[in-house]
Amino acid sequence: MPSLRERVTEASLPAVNALNRLPRAVPFLVVLALMVAGIFVPGWGWLFLVLVLAFLGWTLYLAWPALDMNGRLGRVAVLLLAVAITITQAVPRT
């Protein structure tokens, strides 16, 4: 029976192949646009940030075995920063 990582990797292959066919700047610009929208859209804009978190978490999970310690720390730091931004947008101070 394949492990969870093997099943997720296999299920992700079509999406990863589609992303690989795009110019390198496109996924970055989409994530950037969603982050900006999530920060500046009042009220429900944090939902854009949840999409970014899901994408970043998915790519981190897929890349984890190939990353060295510095790569892992950097990507986890970015993910945690995105989590903090999402929480501050979803639960604003009043």
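Just so you know, all these numbers are worked out from the coordinates, no wet-lab data involved. No experiment lies behind these values; they were computed from the predicted model shown. Every residue, glycine as well, gets a Cβ built from its backbone with ideal geometry; the counts of neighbours run over all protein chains shown.
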Check your understanding: List the trypsin sites (Lys or Arg not before Pro) in the range 16-94 that DSSP assigns to loop (not H, G, I, E or B) and whose Cβ has at most 12 other Cβ atoms within 10 Å. Which are they?
Key -> 24, 93
**Study point:** Percent RCO, i.e. relative contact order, over the chain, from Cα pairs under 8 Å lying at least 6 residues apart
**Key:** 28 percent
Review point. With each label point set 7 Å from Cα along the Cα-Cβ vector, what nm distance links residue 1 and residue 91?
Key: 3.6 nm
Check your understanding: Hey, what angle do you get for helix 69-90 against the long axis of the chain, alpha-carbon based, 0 to 90 degrees rounded to 10?
Key -> 30 degrees
Exercise for review: May I ask for the angle, rounded to the nearest 10°, between helix 4-21 and the longest principal axis of the chain, with both axes built from Cα atoms and the value confined to 0 to 90°?
Suggested key: 70 degrees
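Over the range 10-94, what portion of Cα pair distances is larger than 18 Å, expressed as a whole percent?
For the range 10-94, the fraction of Cα-Cα distances above 18 Å is 50 percent.
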Check your understanding: Fully extended, how many nm does the chain gain between residue 33 and residue 62 (0.36 nm per residue separation, minus their Cα-Cα distance)?
Key -> 8.2 nm
Revision key, fill the gap. Two pseudo-spin positions, 7 Å from Cα along C-beta at residue 18 and at residue 80, lie apart in nanometres by 3.2 nm
Revision key, fill the gap. Toy charge model, Lys and Arg Cβ at +1, Asp and Glu Cβ at -1: the range 4-90 dipole around Cα centroid in debye, rounded to 20, equals 80 debye
